[in-house]
Amino acid sequence: MSLADRVTSAYVLRFGHPPALLARAPGRVNLIGEHTDYSDGFVLPMAIDRAIWIALAPRSDLRVVLHSLDFDTRADVDLARLEHADDGWPEYLRGVAWALQEADLPLRGWQGVMAGDVPIGSGLSSSAALELAVARAFQAVSAFKWEAAAVARLARRAENEWVGMNCGIMDQMISAAGVEGSALLIDCRSLATRQVPLPPESVVVVMDSMTRRGLVDSAYNECRAQCEAAARHFGVKALRDVEEAGFAARTAQLEGLTRRRARHVIGENARSLAAAAAMLAGDAEQLGILMNASHDSLRDDFEVSTDALNALVDSARRQPGCFGARLTGAGFGGCAIALVREDAVGDVVAAVTRDYEEATGQAATLYACQPAAGASVMSLA
Ligand code: GLA
């Protein structure tokens with residue numbers, strides 16, 4: 001049964017009548033442009049064909065009642081009295097409601113049932129998918145205008161200020177604005193986007209290491225603080241404003257890891273623009289070379305890779321038909337991706353699965369994914 005059917009029939013069982021609306025928002029992979037978003041840089045993610053779905057109907061009061069099939073728990077939120085509860089996923093619902101209200105959007109209540117197939121905590125942005133699905137639900141029942149970039153900013157505000165995770169804009173933006181069949185080059189300063197399709201006959205394979213590291217938030221926040229410190233050192237608003245050429249001459253006083261992290265960001269911005277150009281030229285080989293360079297820089301300079309991610313990437317790169325491979329998302333565990341020739345996907349998946357188990361004793365999960373549309377809502381009436 002599809003997720004849409006599952007949440008629809010669970011809604012009927014729970015509330016005794018059919019839902020009025022179906023909202024969905026996707027997870028994402030990032031092809032290149034890692035740890036650049038909070039330095040106002042460039043990212044090149046695509047929304048994927050894995051999403052969170054909510055079947056819902058408006059209520060006449062100011063309550064939101066949402067049941068999660070995945071967690072088998074229920075959130076019951078009073079929009080007139082939003083309070084922190086530190087209870088997991090419902091905090092994202094409250095955070096989005098809070099951020100929308102802070103933007104003076106008058107919200108109505110609704111009730112719904114939710115389920116998803118974005119693996120939770122794997123680095124494919126299950127939390128952004130949850131935020132954007134909830135935002136779509138609010139938008140549909142409260143009838144404010146959907147502007148992808150504006151809603152993405154509010155969803156990020158929910159995560160930064162309500163949930164307390166100091167992420168950049170990439171995940172919310174791609175979940176809001178993704179385009180079916182295309183990746184998006186996003187300028188994280190202006191939020192201008194450009195559609196960039198995958199090179200012909202190439203497929204993105206997700207390689208989930210199945211490792212999940214705790215304390216990611218503090219490690220992530222340290223990366224961010226160091227990039228901001230480096231920008232202050234250079235006297236610019238963000239590392240986006242430092243050119244590769246000007247970097248080398250002025251790094252003497254920067255502490256080692258901060259300097260290498262800044263070097264990664266500056267090089268990664270250039271690689272992301274080059275990757276978009278390679279994709280527009282249909283050049284999978286060149287895109288693969290840039291993806292490899294991105295991973296090596298994240299491993300050696302930015303220092304957010306792990307043995308598990310390196311094992312996946314190294315194995316993928318050895319396979320015929322693989323153009324390139326890199327970790328995707330924040331790092332510290334989670335997923336890597338490989339760009340693979342369409343007719344080699346089965347062989348690459350089998351070989352990397354075998355190699356990874358030999359190298360680590362653990363089972364990885366590998367699957368191809370397709371570029372999908374951003375958050376959407378459909379009326380069932
Ligand atoms: C996480 C954050 C994003 C981005 C990536 C690293 O996914 O949520 O904002 O910083 O890490 O590129």
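Report the residue count in the stretch 11-30 for those that are assigned to a helix (DSSP H, G or I) and either open to solvent by less than 20 Å² (accessible area, probe 1.4 Å) or closer than 21 Å to A152 by Cβ (or both).
Count: 1.
Among the numbered criteria (1) within 16 Å of the ligand (Cβ to nearest atom); (2) open to solvent by 10 Å² or more (accessible area, probe 1.4 Å); (3) of a type in the set (S, T, N, Q), which one does T36 miss?
Of everything listed in (1) within 16 Å of the ligand (Cβ to nearest atom); (2) open to solvent by 10 Å² or more (accessible area, probe 1.4 Å); (3) of a type in the set (S, T, N, Q), T36 misses just condition (2).
Which condition breaks for A270 when tested against (1) under 21 Å from C167 (Cα atoms); (2) in contact with a helix residue (DSSP H, G or I) (Cβ under 7 Å, 6 or more places away or on another chain)?
Evaluating A270 over (1) under 21 Å from C167 (Cα atoms); (2) in contact with a helix residue (DSSP H, G or I) (Cβ under 7 Å, 6 or more places away or on another chain) leaves (1) as the failure.
I'm told V206 meets every condition in (1) within 19 Å of A99 (Cβ to Cβ); (2) within 14 Å of the chain's Cα centre (by Cα); (3) not basic (K, R) except one. Can you identify the failing condition by its number?
Every condition holds for V206 apart from (1).
Taking T193 as meeting all but one of (1) out of contact with any Gly (no Cβ under 7 Å at 6 or more places or on another chain); (2) more than 14 Å from the ligand (Cβ to nearest atom); (3) under 19 Å from V304 (Cβ atoms), write down the number of the exception.
Every condition holds for T193 apart from (3).
Among the residues in the stretch 31-42, are any charged (D, E, K, R), outside any strand (DSSP E or B) and at pLDDT below 95?
No, there is no match, as no residue in the stretch 31-42 is charged (D, E, K, R), outside any strand (DSSP E or B) and at pLDDT below 95.
Which of the numbered conditions does L184 fail, given that it passes all the others? Conditions: (1) under 17 Å from the mean Cα position of the chain (by Cα); (2) at pLDDT below 95.
Exception for L184: condition (2).
Against the conditions (1) among the hydrophobic types (A, V, I, L, M, F, W, C); (2) more than 22 Å from the chain's Cα centre (by Cα); (3) within 16 Å of the ligand (Cβ to nearest atom), where does V29 fall short? Just the number, please.
It fails just one condition, (2).
Out of A152, A115, I need the residue that is farther than 25 Å from C223 by Cα and not polar (S, T, N, Q). Which one?
Result: A115 is the single residue among A152, A115 that is farther than 25 Å from C223 by Cα and not polar (S, T, N, Q).
When you scan the stretch 39-69, how many residues do you find that are surrounded by fewer than 16 Cβ atoms within 10 Å (Cβ to Cβ) and of a type in the set (S, T, Y)?
So the count comes out to 1.
Which number in (1) modelled with pLDDT under 95; (2) within 16 Å of the ligand (Cβ to nearest atom) marks the one condition that M1 misses?
M1 satisfies every listed condition except (2).
So which residues in the stretch 45-69 are outside any loop (DSSP other than H, G, I, E, B), of a type outside the set (A, V, I, L, M) and without any contact (Cβ under 8 Å) to a residue 60 or more places away in the chain, if there are any at all? Talk me through it step by step, then tell me what you get.
Within the stretch 45-69, the first condition is being outside any loop (DSSP other than H, G, I, E, B), and the residues that meet it are 45-58, 63-68.
Checking the rest, the ones that are also of a type outside the set (A, V, I, L, M) come to 45, 49-50, 53, 58, 63, 67-68.
Once the filter is applied, which keeps residues that are outside any loop (DSSP other than H, G, I, E, B), of a type outside the set (A, V, I, L, M) and without any contact (Cβ under 8 Å) to a residue 60 or more places away in the chain, the stretch 45-69 yields R63, H67, S68.
Those residues that are open to solvent by less than 80 Å² (accessible area, probe 1.4 Å) and either in contact with a Ser or Thr (Cβ under 8 Å, 6 or more places away or on another chain) or farther than 22 Å from R28 by Cα (or both), I need them from the stretch 354-378; list them, please.
Matches in the stretch 354-378: D355, Y356, A359, T360, G361, A363, A364, L366, P371, G374, A375.
When the residues of the stretch 171-194 are filtered to those that are β-branched (V, I, T) and open to solvent by less than 10 Å² (accessible area, probe 1.4 Å), which remaining residue is nearest to V151 (Cα to Cα)?
This residue is I174.
The values are calculated or read from the model by the stated rules, or taken from the named source; none is laboratory data. Note that this is a predicted model, so its numbers are computed, not measured. Positions of Cβ are generated from backbone atoms using ideal geometry, with glycine treated the same way; all protein chains shown enter the neighbour counts. In case anyone asks, the SASA skips ligands and DNA or RNA and just uses the protein heavy atoms, side chains included. Shrake-Rupley method; radii C 1.70, N 1.55, O 1.52, S 1.80 Å.
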